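Step one of this worksheet: look at the structure below.
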């Protein structure tokens, strides 16, 4: 059982806004800053367009974690999309709790286009947190193992 936990590599889906967070990821890549390869990026035009159903579908399809990265408050290309995303995330957190999904499996944060280092830190922290939680359906995986 401990061998399975140490070899576990989480699958994380990241929703990144085109104007800030995706550009921050690009900056990290251009700087060749190392970070865990566990995040599958979904580029969205605005974090405000991330529907809670997208997050639920990611978990349903096997993601162990989901991260939503937005522009900083006041910097949204679409004026208030990041505020909408933050409000949706608060609602989504309560919904995920009702489904028994631990709080650390879904994260919302702000990363601007110039914050390549912050992108690396946020991704590294998210991967470590989800790795510590183990696979999402631990009990069902234990039954099939």
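Would you pick out the residues in the stretch 45-62 that are surrounded by fewer than 22 Cβ atoms within 10 Å (Cβ to Cβ) and not in a helix (DSSP H, G or I)? Selection gives 45, 46, 51, 61, 62. Based on this model, can you work out whether residue 126 counts as within 16 Å of residue 15 (Cα to Cα) and either at pLDDT 95 or above or assigned to a loop (DSSP other than H, G, I, E, B) (or both)? Against the criterion (within 16 Å of residue 15 (Cα to Cα) and either at pLDDT 95 or above or assigned to a loop (DSSP other than H, G, I, E, B) (or both)), residue 126 qualifies.
The numbered conditions (1) over 14 Å from the mean Cα position of the chain (by Cα); (2) closer than 21 Å to residue 133 by Cβ are all true for residue 107 except (1).
How many residues are touching a strand residue (DSSP E or B) at 6+ places or on another chain (Cβ under 7 Å) and surrounded by fewer than 20 Cβ atoms within 10 Å (Cβ to Cβ) when one looks only at the stretch 97-112? Reasoning before the result, please.
Residues of the stretch 97-112 that are touching a strand residue (DSSP E or B) at 6+ places or on another chain (Cβ under 7 Å), as a first pass: 105-111.
Restricting the remaining residues to those that are surrounded by fewer than 20 Cβ atoms within 10 Å (Cβ to Cβ) gives 109.
Counting residues in the stretch 97-112 that are touching a strand residue (DSSP E or B) at 6+ places or on another chain (Cβ under 7 Å) and surrounded by fewer than 20 Cβ atoms within 10 Å (Cβ to Cβ) gives 1.
None of 84, 88 is in contact (Cβ under 8 Å) with a residue 24 or more places away in the chain and over 15 Å from the mean Cα position of the chain (by Cα) except 84.
You will find that of 42, 66, the residue that is under 13 Å from the mean Cα position of the chain (by Cα), buried (at least 21 other Cβ atoms within 10 Å of the Cβ) and modelled with pLDDT of 95 or more is 66 and no other.
The residues of the stretch 30-61 that are free of Cβ contacts under 8 Å to residues at least 12 places away in the same chain and either farther than 25 Å from residue 136 by Cα or in contact with a helix residue (DSSP H, G or I) (Cβ under 7 Å, 6 or more places away or on another chain) (or both) amount to a single one, 32.
The values are calculated or read from the model by the stated rules, or taken from the named source; none is laboratory data. Note that the structure is a prediction, hence the values are computed from the model and not measured. Because the Cβ atoms are built from the backbone with ideal geometry, glycine has one as well, and the counts that use them run over all protein chains shown.
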